[in-house]
1. Report the longest stretch of the chain that contains none of the trypsin sites (Lys or Arg not before Pro) sitting in a DSSP loop with at most 11 other Cβ atoms within 10 Å.
2. FRET efficiency for residue 40 and residue 104, Cβ-Cβ distance as r, R0 = 41 Å, nearest 0.05?
3. Remind me, what semi-axes does the chain give for its equivalent ellipsoid, largest first in whole Å, using sqrt of 5 times each Cα gyration tensor eigenvalue?
4. For n ≥ 4 DSSP H runs only, could you compute -39500 (n - 2.57) per run for the chain, divide by its residues and tell me the 222 nm figure to the nearest 500?
5. If all Cα-Cα distances of the range 85-140 are sorted into 5 Å bins from 0 onward, what percent lands in each bin, rounded to whole numbers?
Amino acid sequence: MIRITDRISIDERELDERFVRASGPGGQNVNKLSSAVQLRFDVRGSSSLPPDVRARLERLAGQRLTREGVLVIMAQRHRTQERNRADARERLIELVSRAAVAPSPRRATRPSAGVRERRLASKKRRGAVKHLRREKPEPE
């Protein structure tokens, strides 16, 4: 079990890891070893996530989410499989924990009278400058 928050944890069996060849660092082994990790997590099919967290996670995932609702995280920063594997899991935990925090509701506010007054004054000044540019001087 991967613990995200006190009420959310993901079962390791829900994760699918595939090891592929990395395009990054690797030295002499770069074309021989599959050190990059492709971590796949089925967001829509997961029973570990509450519906509100699932919806926020789908929004946060962006292009990393497939049409089927599978979150794909590619990790290839490091030279070894284990470090890339840990990196992918850390990124998954960070993403899910960000989705677990509910956004605070926005309260409608109004601009103060002073702000409105200054805005209108600056618009009048700008309009006056443009008006002065339009007027042509009288021919003598």
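1. Details: sites that count: 7, 32, 67, 106, 107.
The segment 68-105 is the longest one with no such site.
2. Working: r = 32 Å, r/R0 = 0.78.
Result of the calculation: an efficiency of 0.80.
3. Numbers: eigenvalues 566, 134, 31 Å².
Three semi-axes, in Å: 53, 26, 12.
4. On the way: 3 runs with 53 residues, N = 140.
Value at 222 nm, helices only: -13000 deg cm²/dmol.
5. 4, 13, 8, 8, 8, 7, 7, 7, 8, 8, 7, 6, 4, 2, 2, 1, 0
The numbers here are math on the coordinates, done by the rules we state, and not lab data. Predicted model only: the values in this text are computed from it and were never measured. A quick note on method: Cβ atoms are made from the backbone with ideal geometry, for glycine too, and the neighbour counts reach across all protein chains shown.
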